[in-house]
C-alpha cells in the first residue's frame, strides 16, 4: 500500500462519522467484582450510515438474577442456549477491526469490553468516546442525559425497545449522528473528526464557547 493510500485510510478512520457504536448487557455493574457480559450489540457507522450490525447473546457460565432478567428481558433459558462469552467476544473483536468506538456511558462498556477481551487475549486499536458526556455539553437543557431521555428529547428513531444491546446501540448511533449534525449546523464545523468529539467530552461548561471558537479557527488543520 502506498503512503498516500495509508494516509487516506487513516483520515477515513479518524472521522467521527466512521465508528463502531456498541452496548453491553451484563450480569451486574463491575467486571472487577466478577460480573460478565450477557449480550453485545453494535452497529458500524461508515460516513454517517449504518453499514453493518452485530448482536449476540452470550452464556456467562452461571445464572443471572431475577432483577437482570426483568430489566433486560434476557432469561436464563435464553442464555443457556447461547454461545460462551469467549466465542462471541472473539467474533466481536473481528467486527471491531481498527475502528474507533462509541458508547453511551462509555466507561461502563469499555470496562466490560476490556475485561472480556483480556480473557481471550484479544485487543482493539481504536479509541473510545462517550455519547453521554458529549450530550451533557451539547444539550444542557435536556431533563437528564440517559439514553431514553435523549431519544425522546431529540425525537430520534426507535422501536420502543430499551435495555437490549442492539436496540440501545442503534439509538446511540442516531444520537451520535444528531450531535454531529448539531455541531456542524450550530458551530459551522464540517468533517468533524473523532478527536474533536473526545475533547468535547472533557471540556467544562464555562469553556465550551471558546472550545468551538478554537475548532472553527483550526478547521483546516489537524490540531484543536
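Each reported figure results from applying straightforward, stated rules to the coordinates on display, with no laboratory input. All figures in this text were calculated on a predicted structure; none of them were measured in a lab. Using ideal geometry, Cβ is built from the backbone for each residue, glycine included, and neighbour counts are taken over all protein chains shown.
Just one of (1) within 16 Å of the chain's Cα centre (by Cα); (2) touching a residue at least 60 places away in the same chain (Cβ under 8 Å); (3) part of a helix (DSSP H, G or I) fails for residue 137. It is (1). Of the set (1) more than 14 Å from the chain's Cα centre (by Cα); (2) crowded, with 17+ Cβ neighbours inside 10 Å, all apply to residue 216 but (2). Taking the numbered list (1) surrounded by fewer than 20 Cβ atoms within 10 Å (Cβ to Cβ); (2) within 30 Å of residue 181 (Cβ to Cβ) in turn, residue 20 passes all entries but (1). When the stretch 148-191 is limited to residues that are more than 18 Å from the chain's Cα centre (by Cα), in a loop (DSSP other than H, G, I, E, B) and without any contact (Cβ under 8 Å) to a residue 12 or more places away in the chain, the one that is surrounded by the fewest Cβ atoms within 10 Å (Cβ to Cβ) turns out to be 160. Among the residues of the stretch 33-79 satisfying the criterion of being part of a helix (DSSP H, G or I) and under 21 Å from the mean Cα position of the chain (by Cα), which is surrounded by the fewest Cβ atoms within 10 Å (Cβ to Cβ)? Of everything passing the filter in the stretch 33-79, 71 is surrounded by the fewest Cβ atoms within 10 Å (Cβ to Cβ). Taken over the stretch 92-103, the criterion of being surrounded by 13 or more Cβ atoms within 10 Å (Cβ to Cβ) and either assigned to a helix (DSSP H, G or I) or free of Cβ contacts under 8 Å to residues at least 12 places away in the same chain (or both) is satisfied by 92, 93, 95, 96.
Right, residue 196: closer than 15 Å to residue 135 by Cα and in a helix (DSSP H, G or I) or not? Yes. Scanning the stretch 104-133 for residues being under 17 Å from residue 40 (Cα atoms), more than 13 Å from the chain's Cα centre (by Cα) and part of a loop (DSSP other than H, G, I, E, B) gives a total of 4.
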